[in-house]
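Single-structure report; data block below.
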Amino acid sequence: MKKIIFGILTHKRIIFIALITALATIMGLGNLPMWFEHDGVAAQYKKLEYEVVEQELLQPVFKEIILEKQNIAPKGTPLPKLSRKKTINVLELVEQLDAMGQQTGLEDIKVTPFPDSFRRGGDTFAIGCTVLGTYIQLQPFLLKIGTLSTLYGVDEMDVVSLEKGVSCTLKLRFTVGE
């Protein structure tokens, strides 16, 4: 029996079997750190699962915060609050515009209503306004125009610089309505 086993196992075959065994051992030992690392990966995976659940629970809160941030008006010139009236008194509106211009220090205020420009079934019409002043005086004047309760929209705005940029002319055409 020994002769049969040793007859089958030649010198080359024994070396081959030893090499295969050594290779299998080395590969098994090479994966040894991964076996120890498996516990760390499992812990990280569990932590990630908890974070995903936490995000799912907090998602409505984050959405509300994002919507609040998007609804905040940009910093800078404040937007005027609008309140609409039902009827338009043209003479009163012309007097208001004239007073606004004088309050902000603007000169040469010309207000021209265009009642022939009735729009949308006669509920809106255009008004033209030309003023002379400095750029610094224009901002409060425009903000005051923005607070008009009958303002529907600004159609045209043209600013022309005079006297080397010190003063300017503002030409406005805006629509007022109910």
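Looking at this structure, is residue 61 in a helix (DSSP H, G or I) and at pLDDT below 75? Let's see the steps before the verdict.
Numbers: in a helix (DSSP H, G or I): yes; at pLDDT below 75: yes.
Taking the combined requirement at face value, the residue satisfies it.
May I ask you to say which residue of 29, 19, 9 is at pLDDT below 70 and open to solvent by 100 Å² or more (accessible area, probe 1.4 Å)?
On the way: 19 fails: at pLDDT below 70; 9 fails: open to solvent by 100 Å² or more (accessible area, probe 1.4 Å).
Among 29, 19, 9, only 29 is at pLDDT below 70 and open to solvent by 100 Å² or more (accessible area, probe 1.4 Å).
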Residue hits (the stretch 91-139; touching an Asp or Glu at 6+ places or on another chain (Cβ under 7 Å), at pLDDT 80 or above and open to solvent by 10 Å² or more (accessible area, probe 1.4 Å)) are 109, 111, 132
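From the list 148, 162, 142, pick out the single residue that is at pLDDT 80 or above and open to solvent by less than 50 Å² (accessible area, probe 1.4 Å). Can you show your working first?
Details: 162 fails: open to solvent by less than 50 Å² (accessible area, probe 1.4 Å); 142 fails: open to solvent by less than 50 Å² (accessible area, probe 1.4 Å).
Going through 148, 162, 142 in turn, just one is at pLDDT 80 or above and open to solvent by less than 50 Å² (accessible area, probe 1.4 Å): 148.
The values are calculated or read from the model by the stated rules, or taken from the named source; none is laboratory data. This one's a predicted model, so the numbers in the text were calculated from it and none came from an experiment. Cβ coordinates were reconstructed from backbone atoms using ideal geometry, including for glycine residues, and neighbour counts include every protein chain displayed. Only protein heavy atoms, including side chains, enter the accessible area calculation; ligands, DNA and RNA are left aside. Shrake-Rupley method; radii C 1.70, N 1.55, O 1.52, S 1.80 Å.
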